[in-house]
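Chemist: Before anything else, here's the structure in question.
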Amino acid sequence: EDALKHERLVALAYTDPASDQAREQGLLSHVRSIAGYGNVQLFERRSDGTMLILLESIGKIVLETVVPSKKPYIIARGRKIDEPSTLDPSHVFLLNRMMKRFRSRIEEHMHDSKEREKFWEKMKTPEEKVNAYCAMMIEDPEQRQRLLEADGVGERLNLATRLLDSETTSH
């Protein structure tokens, strides 16, 4: 709500269960240091009080220090991670294969064709396509963290494809 109201960036980081010692000392050792950040793109308040947000990705950061605050969420300073954002031409086939698989999944779950078209129109660059694919096709939090930590769109595409291929062959 604060990010929407004040047009602030939001970082999303995976967490591990905090140890009893970390909780007692007030440490944030359970928050992973690599996080994705961006602008809130979609916001829905659900009847159970939870919210659904989708971030328009700007990039990723290393979370460095916590800013003392009484807010019910963590405020941290971070350092932007620059990474390769262009896709090597040798990856075009792999990207097209991935997008075919992704389109099938989206068509199964998003029945309104106009909404589907709006969704596809938002993704213009290979990086946006690969990141959306990773966010929506890979469910395991550990694997998603590995994808977030991958160095660039090419490495992320290769890893996502391997993960999904191994998941498909194991079922």
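Chemist: Taking segment 112-171 on its own, how many of its residues are under 21 Å from L12 (Cα atoms), open to solvent by less than 40 Å² (accessible area, probe 1.4 Å), in contact (Cβ under 8 Å) with a residue 24 or more places away in the chain and aliphatic (A, V, I, L, M)?
Modeler: 8
Chemist: Moving on to the next point. What number of residues within segment 35-75 are of a type in the set (G, A, S) and within 18 Å of K118 (Cα to Cα)? Steps first, answer last, please.
Modeler: Taking segment 35-75 and keeping what is of a type in the set (G, A, S), we get 35-36, 38, 47, 49, 57, 59, 69.
Imposing the further condition that a residue be within 18 Å of K118 (Cα to Cα) reduces the set to 57.
Of the residues in segment 35-75, 1 are of a type in the set (G, A, S) and within 18 Å of K118 (Cα to Cα).
Chemist: Oh, and also: Being modelled with pLDDT of 90 or more and touching a Lys or Arg at 6+ places or on another chain (Cβ under 9 Å), is that true of even one residue in segment 110-126?
Modeler: No, segment 110-126 has no match at all.
Chemist: If the requirement is being farther than 20 Å from Y37 by Cβ and among the hydrophobic types (A, V, I, L, M, F, W, C), which of these qualifies: M123, M99, M136?
Modeler: Criteria check complete, one pass: M99.
Chemist: Among the residues of segment 54-78, which ones are open to solvent by 50 Å² or more (accessible area, probe 1.4 Å) and touching a Phe, Trp or Tyr at 6+ places or on another chain (Cβ under 7 Å)? Outline the logic, then answer.
Modeler: Within segment 54-78, the subset open to solvent by 50 Å² or more (accessible area, probe 1.4 Å) is 54, 56-58, 64-66, 68-75, 77.
Passing the criteria: only I58.
Chemist: Just name the residue that is modelled with the lowest pLDDT out of those in segment 16-43 that are farther than 24 Å from A150 by Cα and touching a helix residue (DSSP H, G or I) at 6+ places or on another chain (Cβ under 9 Å).
Modeler: L27
Chemist: Every residue in segment 71-109 that is at pLDDT 85 or above and polar (S, T, N, Q), please.
Modeler: S90, N96, S104 - these are the residues of segment 71-109 that are at pLDDT 85 or above and polar (S, T, N, Q).
Chemist: If you don't mind, another one. When residues of segment 79-108 are filtered for being touching a residue at least 24 places away in the same chain (Cβ under 8 Å) and either among the small types (G, A, S) or loosely packed, with under 10 Cβ neighbours inside 10 Å (or both), how many remain?
Modeler: Residues that pass the stated criteria total 1.
The values are calculated or read from the model by the stated rules, or taken from the named source; none is laboratory data. For clarity, every value in this text was computed on a predicted model and none was experimentally measured. Note: ideal-geometry Cβ built from the backbone for every residue, glycine included; neighbour counts use all protein chains shown. The accessibility values were calculated without ligands, DNA or RNA, using every heavy atom of the protein model including side chains. Shrake-Rupley method; radii C 1.70, N 1.55, O 1.52, S 1.80 Å.
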